[in-house]
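Asks: Encoded as structure tokens, here's the structure I'll be asking about.
Read-outs: derived from the displayed coordinates by stated rules, not from any lab. What you see is a predicted model; the values in this text were computed from it and never measured. Note: ideal-geometry Cβ built from the backbone for every residue, glycine included; neighbour counts use all protein chains shown.
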């Protein structure tokens, strides 16, 4: 009886990993790693790393078998960095503050204006809210394509490939092409 229970548990664990295809974000492991990297002295950092190295193994296994699976099936990471603010440089050379929310991101422009990007699990879509208006940006279709909303309000299905993104850029008027001899 005991062998059957162990075999059933082993098969269940293997099936969880094999059939979920949940690579995930390894949030718990990365939280431990980020904390350890936050130690300012590299020698103290190395000592702490050696002392807590079993924690990395435990966190990695918990992420692999539990948290990444939950993230895959539910669409949300149970240990996401909600509330974390990251300062990023825009392509315009200005700095933006990006705050992680439970269901998306809040971007604060250098002018102080805020733009919200939110993910709707039910509709599998990303939306943007700015200046009191909300607009769906795109939604994931079940066939591996996305339905993008153009600035005109028109919907366009595109493949998640270089060609699909290229056709979307053309539709938005963002395509630049050069001819060479």
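Asks: Rank by packing, highest mean first: peptides 84-96, 120-132, with packing defined as the count of other Cβ atoms within 10 Å averaged across residues.
Replies: So the peptides 84-96, 120-132, ranked by packing, come out 120-132, 84-96.
Asks: Moving to a separate point now. Hey, with R₀ at 22 Å, roughly what FRET efficiency would residue 65 and residue 32 work out to, going by the Cβ-Cβ distance, to 0.05?
Replies: Working from the Cβ atoms, E equals 0.85.
Asks: Ok, one more. How many percent of Cα pairs in the stretch 85-171 exceed 15 Å?
Replies: Taking all Cα-Cα pairs of the stretch 85-171, the fraction more than 15 Å apart is 66 percent.
Asks: Still on this structure, please answer the following. Ordered by packing density, taken as the mean number of other Cβ atoms within 10 Å over each peptide's residues, highest first, how do 66-72, 105-111, 45-51 rank?
Replies: Highest to lowest by the protection proxy: 66-72, 105-111, 45-51.
Asks: Calculate the spin-label point distance for residue 106 paired with residue 136, positioning each point 7 Å from the Cα along the beta-carbon direction, and give it in nanometres.
Replies: 2.5
Asks: Right, here's the next one. Quote to one decimal, in nm, the extra length available between residue 150 and residue 56 on full extension: 0.36 nm per residue of separation minus the C-alpha distance between them.
Replies: Result: 29.4 nm gained on full extension.
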